[in-house]
Amino acid sequence: MVFGDGDGQVFQRFTKSLSVIGHELAHGVTQYSAGLVYRNQAGALNESMSDVFGVLVEQFVQQQPAAEAGWLIGEGLFTDQVQGTALRSMKAPGTAYDDDVLGKDPQPDSMDGYVHTSADNGGVHINSGIPNRAFYLVATTLGGNAWDAPGRIWYQTLTGGTLSPTATFGAFAKATAASAKELFGVDSKEHDAVRSAWETVKVKLPGVRRKPSS
Ligand SMILES: [Zn+2]
């Protein structure tokens, strides 16, 4: 792996952040499991997988429960000349930085803000905010440690062999719900938390109808 050593103006060395190191290693896991294509929604899922497992590595090392974690990727990488706390926020995508030189964090936090662009391989580092927040919502809804049930559900989805390399957000959402059901049962709080997280970020699960509420 090759990490930037920073320019001293905007960035410090990238190896300062454990979530960034975990992020890069997770790309290797994705490449040799689901093999998500690095473009458009599949590419944003590839990026999101790396943010999820990057942040889990950091939380595990610090033994930090979901409710106490900062949910930031690359916290402390910016020099103090930059108005920002991290590269990305999984808890509140779009709020990690807002700076004269860097501009504002462009991540949307739901499908309402989905960015259609040809830049960044179709927005792989931008729209990843949507599945990132879904994971955060599952983890904080369930409480406890995010590397337990939520991490298992996401890892099972990534490595279980059923996810297409060109999966859309909807297909991935459906696959996480299927993993939750397989691991914890159809009536489990885990299955429920997964489905409601995707609903909050406005990703529709294809072919799944919610029970009428009345
Ligand atoms: Zn990446």
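Taken together, the values in this text are just the output of simple stated rules run on the coordinates, not laboratory data. Keep in mind the model is a prediction, meaning the values are calculated, not measured. Backbone-built Cβ (ideal geometry, glycine too); neighbour counts: all protein chains shown.
Put +1 on the Cβ of each Lys and Arg and -1 on the Cβ of each Asp and Glu in the chain; which of THR168, VAL2, VAL115 then has its Cα farthest toward the positive end of the dipole?
THR168
Note the full-extension length gain between SER33 and GLN83 as 0.36 nm times their separation in residues minus their Cα-Cα distance, in nm to one decimal.
Contour length minus Cα-Cα distance gives 14.3 nm.
Once both labels are modelled 7 Å past Cα along the beta-carbon direction, what's the ASP98-THR166 spacing in nm?
Inter-label distance under the simple model: 3.9 nm.
What is the angle, in °, between the Cα long axis of helix 40-62 and the longest principal axis of the Cα atoms in the chain? Nearest 10 is fine, range 0 to 90.
80 degrees
Where a Cα-Cα gap under 22 Å defines reach, which lysines qualify for LYS181, not counting those fewer than 8 residues away within the same chain?
LYS189, LYS202, LYS204, LYS211
About its Cα centre, how strong a charge dipole does segment 142-190 have in debye, to the nearest 20, once Lys and Arg get +1 and Asp and Glu get -1 at the Cβ?
Details: 4 positive and 4 negative charges, 19 e Å.
The calculated dipole for segment 142-190 is roughly 100 debye.
Kindly rank 16-24, 51-59, 146-154, 75-83 from highest to lowest mean number of other beta carbons found within 10 Å of each residue.
51-59, 146-154, 16-24, 75-83
Taking the C-alpha atoms of segment 14-200, how large are the radius of gyration and the largest Cα-Cα span, Dmax, in Å?
When restricted to Cα atoms, segment 14-200 yields Rg and Dmax of 15.5, 50 Å.
Which distance in Å, rounded to a whole number, links the C-alpha centroids of segment 46-61 and segment 168-198?
What the calculation gives is 19 Å, centre to centre.
Can you figure out the FRET efficiency of GLU182 with LYS202, using R₀ = 22 Å and their beta-carbon distance, to the nearest 0.05?
In this case the efficiency is close to 0.30.
Over segment 14-200, what is the relative contact order in percent, taking alpha-carbon pairs closer than 8 angstrom and at least six residues apart?
Here the relative contact order equals 23 percent.
Quick one: net charge of TRP147's neighbours, Cβ under 15 Å, K/R +1, D/E -1?
Net of charged neighbours comes to -4.
Charges only on Cβ, +1 for Lys and Arg, -1 for Asp and Glu: so what's the dipole of the chain about the Cα centre, in debye to the nearest 20?
So the dipole magnitude of the chain works out to roughly 1000 debye.
Projecting each Cα onto the charge dipole of the chain (Lys/Arg +1, Asp/Glu -1 at the beta carbon, about the Cα centre), which of ALA180, GLY35, THR140 comes out farthest on the positive side?
ALA180
On a full-extension model of 0.36 nm per residue, what is the gain between GLU68 and PHE3, subtracting their alpha-carbon distance, rounded to one decimal in nm?
20.6 nm
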